[in-house]
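Values in this text are rule-based calculations from the coordinates and carry no lab data. Because the structure is predicted, anything quoted here is derived from the model rather than measured. With ideal geometry, Cβ positions are generated from the backbone for all residues, glycine too; neighbour counts draw on all protein chains shown.
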Amino acid sequence: MDKAFYYTVDHNQLEEYKKILDLMKIPYFVEVPVALLRNGADQYAIVFPHMSGRLYEMVRKLFRGDGTAYPQ
């Protein structure tokens with residue numbers, strides 16, 4: 001899957017977001033944080049592929065804002 005954009009979430013929010021995204025049948029995958037880094041060690045990235053504007057709008061509403069472009 002290509003990596004277009006992502007949102008970071010705390011570990012305690014991850015399962016809730018995954019459940020909602022699965023119910024909405026929106027493709028995504030989760031990148032775990034690098035354990036050696038203290039900054040952001042509990043932040044997970046929910047990564048999304050390129051998608052239609054309509055689908056992106058649904059994701060944008062769920063996360064209450066625009067995603068961050070995935071570095072190439």
Worksheet entry | Cβ-derived FRET efficiency at R0 30 Å, residue 19 paired with residue 50, nearest 0.05 | 0.80
Worksheet item: Rounded to the nearest 0.05, what FRET efficiency is calculated for residue 63 and residue 4 with R0 set to 25 Å and r the Cβ-Cβ distance?
Response: 0.95
Practice prompt. Using amide H atoms built 1.01 Å from N in the peptide plane, name the residues 5+ places from residue 67, or on other chains, whose amide H lies under 5 Å from its own.
Written response: none
Item to complete: Would you pull out the residues with amide H under 5 Å of residue 5's amide H, same chain only if 5 or more places away, H placed 1.01 Å from N?
Response: 48, 70
Item to complete: Treating cross-link reach as a plain straight distance, find the aspartates and glutamates whose alpha-carbon is under 20 Å from the alpha-carbon of residue 61, omitting any fewer than eight places away in the same chain.
Response: 10, 15, 16, 22
Worksheet, complete the sentence: Semi-axes of the chain from the Cα gyration tensor (sqrt of 5 times each eigenvalue, largest first, whole Å) come to 21, 14, 10
